[in-house]
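Enquirer: Take this structure, written in structure tokens, and hold onto it; I'll ask about it next.
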Amino acid sequence: MNPTMDTEPPAAPAAPASGTAAPAAETILSVRGLRAGYAGGAPVLKGVSMDVRARAVTAIIGPSGCGKSTLIRCLNRLHEALPGAFCDGEVLLGGRNVLDWDPVLLRREVGMVFQRPNPFPTMSVFDNVAAGLTLNGERDRVKLAERVETSLRRAALWDEVKDKLRSPGVGLSGGQQQRLCIARALAVEPRVLLMDEPCSALDPIATARIEELLLEIKDQLTVVIVTHNMQQAARVSAHTAFMLSGELVEFGPTQGLFTKPSDKRTEDYITGRFG
Amino acid sequence: MNASVYARRRRVNALMLAATAACAAVSAGVLLGILGYIAWKGASSLSWSFLTELPKPVGETGGGIANSILGSVKVVGLAGLMGIPVGVASGVYLAEYGRTGRFAFCVRYAADVMNGVPSIVIGLFAYALVVMPMKRFSALSGSVALALIMIPIILRNTEEFVRLVPGTIREAALALGVPRWKVAAFVVLPTAGRGIATGALLALSRAAGETAPLIFTAFGNRYWDQGLLGPIATLPHTLYNYAISPYADWHQQAWAAALILMAFMLAVNVAARVWLRPPSTGAL
Ligand SMILES: Nc1ncnc2c1ncn2[C@@H]1O[C@H](COP(=O)(O)OP(=O)(O)OP(=O)(O)O)[C@@H](O)[C@H]1O
Ligand SMILES: [Mg+2]
């Protein structure tokens, strides 16, 4: 891992102060000096750098509007799909800058689950999960059926839907729909899964199920999860990043960040003094 | 609030409710009146031979309008084959790719203007475009005229429904690594499918009832048509010819033709609404 360091901004998380930078050896995704913003506005991300560890869950926390969604939407370049949105810096996936990739190919490596469940309304449960494959030309029915089953099992949804694979995906409950969306993202077999507040529209039981499944898949997959729920971050993630107004304030092992934050602003946020 | 004020409000409420119900009854009544009158006038001339036979020569009574029925099916069908793909594709383009920009503005504006152009003018245009160069009246030219009438309706309807598809659906598909055009064609379009299909059916039924654009194009024919490159009879056109003729027998047949036309349009409308009723699933 040898990223070019010229664009390194002052707010680099690798600041040795607490010695908590993610170990470079297992880094899969490394963000370097990422700046991004929306049509006609000042940059919302003002030079963010962080290293995401492979096969682990990394949480991003921070007050509303600090740029968490913007950050993870840059990672699969969905951000640029908005007219006028801009994004520069470096996002290295396996050492190559994804900002130079074809976004379509990138998104097969970096999947995403959204805040609100968004199954395709015209598709059955099966077709929803298979969509990423069928839309990209996969016709092998046996392979599709296998991939749908494994994905639904990984998303802890198989037992609930195995008898209604042909019924509409939107007929499921909200929590089931969200797991359906997770299965849909997993079916493409991405290396990284981005999740933007995946539980914020769900009740505590549905949330608990998703957290459980995260703990189960994390050994095979890299997950970056944005959450407003600090308990959730503490429960599911190995590393946590705290963002504030477009900057990464602190990034390190979750345990350390929540028990001994090295930055005053992190401490204020996690103790509920602001945000 | 004292009882008398409340009683007065209840009276006013009842009065207003009755007034709105009366207005609704008038709107529905006009339709029912037209349908009933046509059915009453037309039913007496309706017979199996009317549906299956060619017109008799002038002066003889009896005969049918089978050639017009078949002609309408052919002309409107061909118009649909031309107009629906163009209208749907351009509507998708406007909603998915051309939300802003000068070109999109011009297309949208042109569609709205075209929607307001009198249909006889569209007929003249098709005459200049197809009939003059080919030097013959034809079913094809009639279909072109009807397609030109259908395109702006379908285009605007398609655009509306495609726009209603939430952005989250597009993002979900994009995030799976699906190319933009496939997202539009295989995710967004089916999601808006029912709305688009309903619009296309209603545009077809509107085209099926047009007379003016066919006068200089399809022209009419008292016999079976000789293919799409020759003149052809159509229901509304035959109806028109019969209605302005001086013969009582033809007037009777015009009523029967009107009945068939109305029945067809009613069937299409009801089919569009029942068969394509929006489901409660978020698909449009
Ligand atoms: N589509 C947009 N157009 C313009 N500005 C935007 C847009 N989306 C977000 N922003 C701005 O960018 C900033 C960061 O937004 P972002 O959605 O990344 O915040 P967030 O940290 O995800 O907040 P939340 O926790 O509420 O989801 C906000 O100040 C917001 O006003
Ligand atoms: Mg957000």
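Enquirer: Can you find a residue that is within 14 Å of another protein chain (Cβ to nearest Cβ) and crowded, with 21+ Cβ neighbours inside 10 Å anywhere in segment A:150-162?
Expert: Of the residues in segment A:150-162, the ones within 14 Å of another protein chain (Cβ to nearest Cβ) are A:151.
Pick out the ones that are also crowded, with 21+ Cβ neighbours inside 10 Å and you get A:151.
Yes - at least one qualifying residue is present in segment A:150-162.
Enquirer: Any idea which of B:T158, B:T168, B:T198, B:T191 is free of Cβ contacts under 8 Å to residues at least 40 places away in the same chain and of a type in the set (S, T, Y)?
Expert: That would be B:T168, the only listed residue that is free of Cβ contacts under 8 Å to residues at least 40 places away in the same chain and of a type in the set (S, T, Y).
Enquirer: Restricting the search to segment A:42-80, which residues are within 16 Å of ligand 2 (Cβ to nearest atom) and among the small types (G, A, S)?
Expert: Scanning segment A:42-80 gives A:A59, A:G62, A:S64, A:G65, A:G67, A:S69.
Enquirer: Another question about this same structure. Which one is least open to solvent (accessible area, probe 1.4 Å) among residues in segment A:190-225 that are away from ligand 2 (no atom under 16 Å from the Cβ) and polar (S, T, N, Q)?
Expert: A:T222
Enquirer: A further question follows. Scan segment A:186-200 for residues that are assigned to a helix (DSSP H, G or I) and within 16 Å of ligand 1 (Cβ to nearest atom) and report the count.
Expert: Residues flagged as assigned to a helix (DSSP H, G or I) and within 16 Å of ligand 1 (Cβ to nearest atom) within segment A:186-200 amount to 0.
Enquirer: Right, next: For A:P43, all conditions in the list (1) modelled with pLDDT of 95 or more; (2) within 11 Å of ligand 1 (Cβ to nearest atom) hold save one; what is the number of the exception?
Expert: That leaves (1) as the condition not met.
Enquirer: Go through (1) within 18 Å of A:L248 (Cβ to Cβ); (2) over 12 Å from the mean Cα position of the chain (by Cα) and name the single condition A:R73 misses.
Expert: For A:R73, the failing item is (2).
Enquirer: Restricting to segment A:101-135, name every residue that is open to solvent by 40 Å² or more (accessible area, probe 1.4 Å), away from ligand 2 (no atom under 16 Å from the Cβ) and over 11 Å from B:A175 (Cβ atoms). Write out each step before concluding.
Expert: From segment A:101-135, those open to solvent by 40 Å² or more (accessible area, probe 1.4 Å) are A:102, A:105, A:108-109, A:115-116, A:122, A:127, A:134; that's our starting set.
Going one step further and asking which of them are away from ligand 2 (no atom under 16 Å from the Cβ), we end up with A:102, A:105, A:108-109, A:122, A:127, A:134.
Those that are open to solvent by 40 Å² or more (accessible area, probe 1.4 Å), away from ligand 2 (no atom under 16 Å from the Cβ) and over 11 Å from B:A175 (Cβ atoms): A:D102, A:L105, A:E109, A:T122, A:D127, A:T134.
Enquirer: Right, here's the next one. So is B:L229 within 18 Å of B:M82 (Cα to Cα) and touching a residue at least 60 places away in the same chain (Cβ under 8 Å) or not?
Expert: It is true that B:L229 is within 18 Å of B:M82 (Cα to Cα) and touching a residue at least 60 places away in the same chain (Cβ under 8 Å).
Enquirer: Scan segment A:237-263 residue by residue and report those that are in contact with an Asp or Glu (Cβ under 9 Å, 6 or more places away or on another chain), surrounded by fewer than 23 Cβ atoms within 10 Å (Cβ to Cβ) and closer than 17 Å to A:R53 by Cβ.
Expert: none
Enquirer: Among the residues of segment B:171-182, how many are more than 8 Å from chain A (Cβ to nearest Cβ) and either touching a helix residue (DSSP H, G or I) at 6+ places or on another chain (Cβ under 6 Å) or among the hydroxyl-bearing types (S, T, Y) (or both)?
Expert: Looking only at that region, the number is 0.
Enquirer: Give segment A:226-235 a look and list any residue that's open to solvent by less than 60 Å² (accessible area, probe 1.4 Å) and farther than 14 Å from A:T58 by Cβ, or say none.
Expert: A:N229, A:M230, listed by residue number.
Enquirer: Look through segment A:60-84, keep the residues that are within 13 Å of chain B (Cβ to nearest Cβ), near ligand 1 (Cβ under 10 Å from one of its atoms) and open to solvent by 20 Å² or more (accessible area, probe 1.4 Å), and return whichever of them is farthest from A:S49 (Cα to Cα).
Expert: A:P83
Enquirer: Among (1) free of Cβ contacts under 8 Å to residues at least 40 places away in the same chain; (2) within 22 Å of A:G67 (Cβ to Cβ), there is one condition A:M243 misses while meeting the rest; what is its number?
Expert: Unmet condition: (1).
Enquirer: Here's another thing I want to ask about it. Determine the pairs where a residue that is more than 10 Å from chain B (Cβ to nearest Cβ), located within segment A:117-131, has a partner that is hydroxyl-bearing (S, T, Y) and buried (at least 24 other Cβ atoms within 10 Å of the Cβ) with Cβ atoms under 8 Å apart, the partner being 6 or more residues away or on another chain.
Expert: Listed pairs, sorted by first residue: A:V129/A:S151.
Enquirer: Looking at A:G33, is it on the phi > 0 side of the Ramachandran plot, near ligand 1 (Cβ under 10 Å from one of its atoms) and either assigned to a strand (DSSP E or B) or not basic (K, R) (or both)?
Expert: Judged against the criteria, A:G33 is not a match.
Enquirer: I need the helices (runs of 4 or more DSSP H) fully contained in segment B:118-194, keeping only those with at least 2 residues that are under 20 Å from A:P117 (Cβ atoms). It would help to see each step written out before you state the result.
Expert: Numbers: elements: B:119-126, B:139-164, B:167-174.
Counting at least 2 such residues, we get B:167-174.
Enquirer: Which of the numbered conditions does A:S49 fail, given that it passes all the others? Conditions: (1) within 14 Å of chain B (Cβ to nearest Cβ); (2) more than 15 Å from A:L194 (Cα to Cα); (3) buried (at least 24 other Cβ atoms within 10 Å of the Cβ).
Expert: Evaluating A:S49 over (1) within 14 Å of chain B (Cβ to nearest Cβ); (2) more than 15 Å from A:L194 (Cα to Cα); (3) buried (at least 24 other Cβ atoms within 10 Å of the Cβ) leaves (1) as the failure.
Enquirer: Does A:V113 satisfy being within 16 Å of ligand 1 (Cβ to nearest atom), hydrophobic (A, V, I, L, M, F, W, C) and within 10 Å of chain B (Cβ to nearest Cβ)?
Expert: Against the criterion (within 16 Å of ligand 1 (Cβ to nearest atom), hydrophobic (A, V, I, L, M, F, W, C) and within 10 Å of chain B (Cβ to nearest Cβ)), A:V113 qualifies.
Enquirer: Moving to a separate point now. Just checking, does segment B:170-193 include any residue being at pLDDT below 95, within 26 Å of B:S119 (Cα to Cα) and open to solvent by less than 10 Å² (accessible area, probe 1.4 Å)?
Expert: Within segment B:170-193, not a single residue is at pLDDT below 95, within 26 Å of B:S119 (Cα to Cα) and open to solvent by less than 10 Å² (accessible area, probe 1.4 Å).
Enquirer: Another question, if that's okay. Quick check, is A:F120 modelled with pLDDT of 95 or more, out of contact with any Lys or Arg (no Cβ under 7 Å at 6 or more places or on another chain) and within 25 Å of A:Y269 (Cα to Cα)?
Expert: Here the answer is no, as A:F120 does not meet what is asked.
Enquirer: Which one is least open to solvent (accessible area, probe 1.4 Å), of the residues in segment B:199-237 that are farther than 30 Å from B:L276 by Cβ and of a type in the set (V, I, T)?
Expert: B:T217
Enquirer: Same structure, new question: Could you tell me whether any residue of segment A:201-210 is within 16 Å of ligand 1 (Cβ to nearest atom), away from every other protein chain (no Cβ under 14 Å) and among the hydroxyl-bearing types (S, T, Y)?
Expert: Within segment A:201-210 (the criterion being within 16 Å of ligand 1 (Cβ to nearest atom), away from every other protein chain (no Cβ under 14 Å) and among the hydroxyl-bearing types (S, T, Y)), the answer is no, since none of the residues qualifies.
Enquirer: Another question about this same structure. Assuming B:V117 fulfils every condition listed in (1) within 24 Å of the chain's Cα centre (by Cα); (2) within 14 Å of another protein chain (Cβ to nearest Cβ) apart from one, which condition is it?
Expert: All conditions pass for B:V117, except number (2).
The values are calculated or read from the model by the stated rules, or taken from the named source; none is laboratory data. Treat the numbers as computed from the prediction; the structure is a model and nothing was measured. All Cβ positions, glycine included, derive from the backbone under ideal geometry; neighbour counts span all protein chains shown. Keep in mind that these areas ignore ligands, DNA and RNA; they rest on the heavy atoms of the full protein, side chains included. Shrake-Rupley method; radii C 1.70, N 1.55, O 1.52, S 1.80 Å.
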